[in-house]
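The structure appears right after this line, and notes come after that.
The values are calculated or read from the model by the stated rules, or taken from the named source; none is laboratory data. All values reported here derive from a predicted model rather than from experimental measurement. Heads up, the Cβs are rebuilt from the backbone with ideal geometry, glycines too, and the neighbour counts pull from every protein chain shown. SASA here: full protein model, heavy atoms, side chains in, ligands and nucleic acids out. Shrake-Rupley method; radii C 1.70, N 1.55, O 1.52, S 1.80 Å.
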Amino acid sequence: FNIVGRGVLPLSGLIRQAGAQPLPLPGPLFRGALRALGVLGAGTLPVALLDYMHYSWVADGERAESALGFVPLHHVRDAAAALRRSQS
């Protein structure tokens with residue numbers, strides 16, 4: 001089962017919601033920059049999550065809703081906002 005929030009938010013939307021501007025970079029350069037920021041202690045996104053956010057995909061929670069009765073209470077934007085608050 002996919003347990004997902006309501007809605008879809010692209011990587012650029014997550015970046016903007018975090019209060020930053022998207023900067024298109026080649027993947028290897030971006031990964032290196034994230035690792036360097038992590039080493040410097042600047043709390044950043046874990047590199048392991050990059051592929052999940054970079055490549056366009058959407059999880060469908062319909063089966064969880066029909067079989068389990070699961071209905072998400074929060075939009076994906078709420079989860080992104082909670083992540084931002086936890087990083088402060």
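Charge tally around residue 5: other residues with Cβ under 14 Å, Lys/Arg +1 each, Asp/Glu -1 each, net -2. If a spin label sat at a point 7 angstrom from the Cα of residue 84 along the line to its beta carbon, the backbone N atoms of region 6-31 nearer than 15 Å would be those of 9-22. Average accessible surface for the chain: 76 Å² per residue, computed with a 1.4 Å probe over protein heavy atoms with every protein chain in place. Taking label points 7 Å from Cα along the Cα-to-Cβ direction, residue 49 and residue 6 give a separation of 2.3 nm.
Could you tell me what percent of the accessible area of region 11-86 is made up of carbon and sulfur, with a 1.4 Å probe and every protein chain present?
Values: 3630 of 5740 Å².
Roughly 63 percent of what the probe reaches on region 11-86 is carbon or sulfur.
Using Cα atoms only, what is the angle between the long axis of helix 76-87 and the major principal axis of the chain, expressed in degrees (0 to 90) to the nearest 10? So the helix axis and the longest Cα principal axis differ by about 40 degrees.
With R₀ fixed at 25 Å, the C-beta to C-beta distance from residue 17 to residue 71 puts the FRET efficiency at about 0.60.
Axis angle, to the nearest 10 degrees, between helix 27-39 and the longest C-alpha principal axis of the chain: 80 degrees. How high is the FRET efficiency between residue 60 and residue 35 when r is their beta carbon distance and R₀ equals 35 Å, given to the nearest 0.05? Efficiency, rounded to the nearest 0.05: 0.60. Calculate I(q)/I(0) for the chain by the Debye formula, one identical point scatterer on each C-alpha and no solvent, and give its log10 at q = 0.12, 0.14 Å⁻¹ to two decimals. Scattering profile of the chain, log10 relative to I(0): -0.45, -0.59.
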